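Undergrad: The structure that follows is given in the form of structure tokens.
Derivation of every value follows stated rules applied to the coordinates shown; laboratory data play no part. Source: prediction; values computed, not measured. Counting neighbours? That spans all protein chains shown, and the Cβs are built from the backbone with ideal geometry, glycine included.
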């Protein structure tokens with residue numbers, strides 16, 4: 001693992017947001033609610049975009065099938081790309097539904113005030129720590145760091 005965190009704009013933005021969320025939502029209950037809201041907003045937005053593209057694409061596909069295929073040169077590539085994007089969005093939505101089921105289990109957990117106090121205590125220690133392993137691991141979801149090889153290079157080896 002690298003000794004210094006990445007300083008690119010994406011990573012810096014992530015560090016700042018990570019620290020803000022830990023500082024502003026330092027209890028288990030607040031983290032549960034924050035994550036639930038984030039999941040729901042992601043699912044709502046992704047679902048709406050998928051639905052809109054499916055309606056539009058379905059209409060366009062029906063229109064195109066009525067026309068002569070020779071007039072659609074170059075659209076096959078766009079259609080393939082759009083089909084792949086729609087498939088990817090469908091997969092994202094399926095994963096989000098799975099996460100939602102898991103998140104519901106997290107809401108079943110209730111802890112005493114002493115545990116919430118411990119959350120607050122650690123929030124003060126973790127938020128400003130740029131080398132916190134959890135923070136660096138989450139950062140890799142947004143940005144590929146030099147100490148972690150690209151997934152694509154691993155798949156070809």
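Undergrad: Based on other C-beta atoms within 10 Å, arrange 33, 125 from fewest to most. Present the calculation step by step, with values, prior to reporting the outcome.
TA: Numbers: 33 13, 125 10.
Neighbour counts put them in this order, fewest first: 125, 33.
Undergrad: Moving on to the next point. Please report, to one decimal in angstroms, the Kirkwood hydrodynamic radius of region 88-127 built from all distinct Cα-Cα pairs.
TA: On the way: mean 1/r = 0.0797 Å⁻¹.
Result for region 88-127 stands at 12.5 Å.
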